[in-house]
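Notes follow the structure.
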Amino acid sequence: MAERIPKVLVIGPAYVDMAVKCDTFPEPGKAVEGSGFSCMPTGAGVNEAIQSALCGCEVWLLARIGEDAFGEMIKQALRRFGVSTDLVYLTQAISTGIVVTLVNAHGENRSCRSAGANRVLGRDEIEYAAAEQLIQAADVCLISDGVSPVAAVAAIRTAHMHNTPVVLEARLPAVDRRVLHTIDWSVDFYNADVVVLRFDGVVCGSELGSSGEGDLKLIGTEIIACGAKCVVISMGWHGALVIDRQGYRRIPGIMLEVVDQTGCESAFAGALAACYGCGDNPDMAVKFAVAAETLARSRFGLHDALPKKEDILMLLQNQPD
């Protein structure tokens, strides 16, 4: 990662997660005694903005929150990590996005999510003069998973107009080559410089085995054929796949003990955007992102587990050639 301070604009959802620990999940109509409670800001936009800031970037988050205590909690958390909240807009009469999570004694969880103010993040916020000026000035624009297609298209078009590189997180319903026939993306998605591909229900691509990896390569190759410049797919502790017009490459993984996978996707995307914003090529950015994801997975928690730039570089330096 080059020694400069890139400007990163993250566009993504913001939530507050209220988690309660309990021995067992309650049955319908019943209540169980909780053994612990936490309440903290989360959401792809929040987490990725914080990760980019920890990588030494100057970061702005463009998001919507409610005009309530939860929205203020999100803004305070972002400021604590040095993320600008100038484009975190207050929304009257709509609450901040909320996630309520129950975690049982086996570590399993059940969640209920209310999108709240995230539902109204759209084209107007992107095309607002202050946002457009930041997109123009940014070294990279990261569009997080969970942003509406309307907002994502507006951001891609604005960034393209100002020659600002775009890292786009996109999600597909399954790792199956038949899913290619059901993709209904806007053509603008294929103008992103890097597409970070996610799949529903898959935390780590290595869960899929060798046949699943073949499907990943095929899906990535087809997206490149539709016009995308580069597709990146995390394989968890087995590294990542980088697919472009030159073919595909596996970026090696780094083996550390897996402790907690909370926030590992955000660590990957936020670190990738930070490195790519410095002008590094996708392969170098993905190596940096793999190391960030590995460190996040080896620690407990969310924001406290997200690694700093120095930790990432040290881990990479300690890897064999």
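A short reminder: the numbers here are calculations on the coordinates, not readings from a lab. This one's a predicted model, so the numbers in the text were calculated from it and none came from an experiment. Note: ideal-geometry Cβ built from the backbone for every residue, glycine included; neighbour counts use all protein chains shown.
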Exercise. How would you classify the stretch 51-135 from its alpha-carbon gyration tensor, with a ≥ b ≥ c the square roots of the eigenvalues: rounded for a/c under 1.5, else prolate if a/b is greater than b/c, otherwise oblate?
Worked result: oblate
For this session: Name the residues whose placed amide hydrogens come within less than 5 Å of the amide hydrogen of Ala63, ignoring near sequence neighbours (fewer than 5 apart) on the same chain.
Result: Val88, Tyr89
Exercise. What share of Cα pairs, in percent, lie more than 26 angstrom apart in the chain?
Worked result: 45
Problem set entry | Distant-in-sequence amide H partners of Val259 (H built 1.01 Å from N, under 5 Å) | Ser298, Arg299
Problem set entry | Anchor Lys229: lysines whose Cα lies under 25 Å away (excluding residues fewer than 8 positions away in-chain) | Lys7, Lys217, Lys287
Exercise. Looking at the chain, which longest stretch skips every one of the GluC sites (Glu not before Pro) that is in a DSSP loop with at most 11 other Cβ atoms within 10 Å, leaving the sites themselves out?
Worked result: 109-256
Problem set entry | Chain lengthening between Phe81 and Glu108 when straightened (0.36 nm per residue, less Cα-Cα) | 6.8 nm
Exercise. Could you give the length gained on full extension between Arg177 and Val20, defined as 0.36 nm per residue of separation minus the Cα-Cα distance, in nm?
Worked result: 52.7 nm
Exercise. Spin-label point model (7 Å from Cα, Cβ direction): what's the Asn163 to Ala130 distance in nm?
Worked result: 2.8
